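**Q** One structure follows; several queries about it will come next.
The numbers here are math on the coordinates, done by the rules we state, and not lab data. Not measured: the values here are computed from a predicted model. Cβ placement follows ideal geometry from the backbone for every residue including glycine, while neighbour counts extend to all protein chains displayed.
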């Protein structure tokens, strides 16, 4: 039997004519516009948060050894950092999938710099391990170890945190929690626009849609693209490199 243009396809959106699609799209647009306006209002409130002064001379460790935290501003007045969780002793594919994915998406900070904002990644790992990981991944943004450094420079990891400088004075102005990191990851935003979404188990989708997968699909996979944690896994971006191969490892211990 030859299907008609409007016969349903299992596990896919219903098929309609363009006018019907436009009507449904316009209805959703009302909600999207409300979401955008609320986001603008939240951003305005965020800019009006109070701030906390701290000692900007505290030392962090980077490729040139210990340096004052104020150096991370690179002469600019604002600084955004990503606080990257770390597993001591883990090989490269054993690091936190969420943090490594976030850091991967900030390949270039020129637009931030043009607005007077610097960017860096902080982590609690020992610098020797961190430096090897940064080289392996090909990260171009500056990384620093804040091991044993007190908050608000050190402390809890897994967040985007913003700082302000006024001469030699440093201030904490904002920090995310949980899913507040998602704006950094442009892939999530694009996937949220697709019919199947992110492909994670938590997302709401119609019956018959492809099953959700565990979050590690977007970081660790084997050579065939199957999400996995084990001796055949490797960071997803690294399978495109010549000579990429699995690396065996045991489950590591995370430091925060």
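**Q** Please tell me the relative contact order of the chain in percent, rounded to the nearest whole number, where contacts are Cα pairs under 8 Å and at least six residues apart.
**A** Reported as a whole number, the value is 21 percent.
**Q** Most mobile of 111, 174, 139 per a Gaussian network model of the chain (Cα springs, under 10 Å)?
**A** 111
**Q** Same structure again: So for region 1-96, what percent of the C-alpha to C-alpha distances run longer than 24 Å? Please report the intermediate quantities before stating the final value.
**A** Details: 2900 of 4560 pairs.
So the portion of pairs separated by more than 24 Å is 64 percent.
**Q** Note down, for region 48-158, the three equivalent ellipsoid semi-axes (square root of 5 times each alpha carbon gyration tensor eigenvalue), biggest first, whole angstrom.
**A** Numbers: eigenvalues 95, 56, 36 Å².
Semi-axes from the Cα gyration tensor: 22, 17, 13 Å.
**Q** What's the ranking of 120-127, 62-69 by average number of surrounding C-beta atoms within 10 Å, highest first? Show your work: numbers first, answer last.
**A** Details: 120-127: 22.8, 62-69: 14.1.
The densest-packed peptide leads the list: 120-127, 62-69.
**Q** From the helices alone, meaning DSSP H stretches of at least four residues, give me the mean residue ellipticity at 222 nm for the chain, per-run term -39500 (n - 2.57), in deg cm²/dmol to the nearest 500.
**A** On the way: 5 runs with 61 residues, N = 256.
It lands at -7500 deg cm²/dmol.
**Q** Starting from the Cα-Cα distance between residue 42 and residue 168, subtract it from 0.36 nm times their residue separation and give me the gain in nm to one decimal. Could the numbers behind the result be given before it?
**A** Numbers: separation 126, 0.36 × 126 = 45.36 nm, distance 2.95 nm.
Length difference between fully extended and current span is 42.4 nm.
**Q** Once you treat every alpha carbon in the chain as an equal point and sum by Debye, what is log10 I(q)/I(0) at q = 0.07, 0.11 Å⁻¹?
**A** Debye output, listed in q order: -0.33, -0.74.
**Q** For each of 157, 51, 193, count neighbouring Cβ atoms within 10 Å of the residue's Cβ, then give the residues from fewest to most. Display every interim value, and only then the final one.
**A** On the way: 157 21, 51 13, 193 7.
With the sparsest Cβ surroundings first, the list reads 193, 51, 157.
**Q** Choose one answer from 78, 182, 38: the residue with the largest mean-square fluctuation in a GNM of the chain with alpha-carbon springs under 10 Å.
**A** 38
**Q** In whole angstrom, and with the biggest value first, how far do the Cα coordinates of region 31-85 range along each principal axis?
**A** So the three principal-axis extents are 50, 24, 22 Å.
**Q** What number, in percent, do you get for the relative contact order of region 47-182 if the mean sequence gap of Cα pairs under 8 Å and at least 6 apart is divided by its residue count? Display every interim value, and only then the final one.
**A** On the way: 249 pairs, mean separation 45.8, N = 136.
Once divided by the residue count of region 47-182, the mean separation gives 34 percent.
**Q** What residue among 154, 94, 167 shows peak mean-square fluctuation when the chain is described by a Gaussian network model with Cα springs under 10 Å?
**A** Per the Cα network of the chain with a 10 Å cutoff, 167 tops the list.
**Q** Taking neighbour Cβ counts within 10 Å as the exposure measure, how do 21, 86, 202, 219 sort from fewest upward? Let's see the in-between values first.
**A** Values: 21 13, 86 26, 202 7, 219 22.
Final ranking by Cβ density, sparse to dense: 202, 21, 219, 86.
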